[in-house]
Amino acid sequence: MTARPVLGIICCTRDVGGVPAQTVLDRYVRAALRFSDAAGLLVPALPELMRADEVAPRLDGLLLTGSPSNVSPAHYDPMIEDADGPFDPGRDRMVFDLVEAMTRAGKPVFGICRGFQELNVAFGGTLRRDMSAHPDLLAHHAPADVGYDAMFAHGHDVTLREGGALAQALGRTQATVNSVHFQGVDRLGDGLTVEARAPDGVVEAFSGTRHGAPVLAVQWHPEWDTDQHPDSQAFFGLMGRVLRGGPLGV
């Protein structure tokens, strides 16, 4: 039997019943492994106990998941003093080290939500923190008082770049996505190409390369209810192709 590629999936540092824990929500793992047809390894956000360059050789690719925590503004604008948390400094440090180690090894990195934001910062970009409240933008997050299912039912259309990786994977240039984020791209990172935009112009997906390694990230959540959404399945299918050494585009 041919061995499948091994996808590293980053953990978050969370409080579980008052006890620190390294966690990944089950839906990220199940969707990524099933629809990318990959094996998986969880990567702890414990940079004080392990180095990124010890992990990268054991992985064929890396997935940076969403999270309740935000990237610390210290990584993109140290002048910000009023940023909303929670923060996860261990994940910040491990992710930025992993992105460098993985891409230097020529291995792909994928991002979802916080992972999308982390990759933008890793490429020298910045984030804005008003995606749910700015009068010139769509509401990119549901009202705070709605339930979990209703939160992920909140969404909008996106326009996919003609000829881009996502447009080719989905077979069209329009899609509808969920929208569950308070932060997003302000200045796009160096060398990144926009793959999708919301009707208000907000960047919703990008691709790029570093050291020749491919990078692909989306602001929305394809891991949510993936069984019911062919477009989300196509995103993970594209991940699987890239994990096996295929190109981002056809």
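Would you please list the contacts, defined by Cβ atoms under 8 Å and residues six or more apart or on different chains, that run from a residue in the range 232-243 that is under 16 Å from Glu204 (Cα atoms) to a residue that is among the acidic types (Asp, Glu) and at pLDDT 95 or above?
That search, which allows pairs on different chains as well, returns Ser232/Glu223; Ser232/Asp225.
Please go through the range 95-139 and pick out each residue that is of a type outside the set (A, V, I, L, M) and assigned to a helix (DSSP H, G or I). Step through it out loud before you land on a result.
Within the range 95-139, the subset of a type outside the set (A, V, I, L, M) is 96-97, 100, 103-104, 106-108, 110-111, 113-118, 120, 123-126, 128-130, 132, 134-136.
Listed by number, the residues that qualify are Phe96, Asp97, Glu100, Thr103, Arg104, Arg114, Gly115, Phe116, Gln117, Glu118, Asn120.
Would you confirm, using the coordinates I've provided, whether Phe206 is within 20 Å of Val109 (Cα to Cα), part of a strand (DSSP E or B) and of a type in the set (Phe, Trp, Tyr)?
Working: within 20 Å of Val109 (Cα to Cα): yes; part of a strand (DSSP E or B): yes; of a type in the set (Phe, Trp, Tyr): yes.
It is true that Phe206 is within 20 Å of Val109 (Cα to Cα), part of a strand (DSSP E or B) and of a type in the set (Phe, Trp, Tyr).
Here are some residues: Ala101, Ala105. Which one is free of Cβ contacts under 8 Å to residues at least 60 places away in the same chain and either of a type in the set (Lys, Arg) or over 23 Å from Glu223 (Cβ atoms) (or both)? Give the derivation first.
Numbers: Ala105 fails: free of Cβ contacts under 8 Å to residues at least 60 places away in the same chain.
After applying the criteria, what remains is Ala101.
Determine whether the range 147-167 contains at least one residue that is at pLDDT below 95 and part of a strand (DSSP E or B). So that I can check it myself, show each step before the final result.
Of the range 147-167, the ones at pLDDT below 95 are 147-156.
Still in the list and also part of a strand (DSSP E or B): 155-156.
Looking for residues that are at pLDDT below 95 and part of a strand (DSSP E or B), one finds at least one in the range 147-167, hence yes.
Kindly establish whether Pro57 is crowded, with 17+ Cβ neighbours inside 10 Å and more than 18 Å from the chain's Cα centre (by Cα). Full working, then the answer.
On the way: crowded, with 17+ Cβ neighbours inside 10 Å: no; more than 18 Å from the chain's Cα centre (by Cα): yes.
For Pro57, the condition - crowded, with 17+ Cβ neighbours inside 10 Å and more than 18 Å from the chain's Cα centre (by Cα) - is not met.
Within the range 206-222, track down each residue that is in contact with a strand residue (DSSP E or B) (Cβ under 9 Å, 6 or more places away or on another chain) and over 18 Å from Val6 (Cα atoms). Give the derivation first.
At the first step, the residues of the range 206-222 found to be in contact with a strand residue (DSSP E or B) (Cβ under 9 Å, 6 or more places away or on another chain) are 206-210, 213-222.
Residues satisfying the conditions are Phe206, Ser207, Gly208, Thr209, Arg210, Ala217, Val218, Gln219, Trp220, His221, Pro222.
The values are calculated or read from the model by the stated rules, or taken from the named source; none is laboratory data. Worth saying up front: this structure is predicted, and the values here are computed from it rather than measured. Cβ atoms come from the backbone with ideal geometry, glycine included; neighbour counts cover every protein chain shown.
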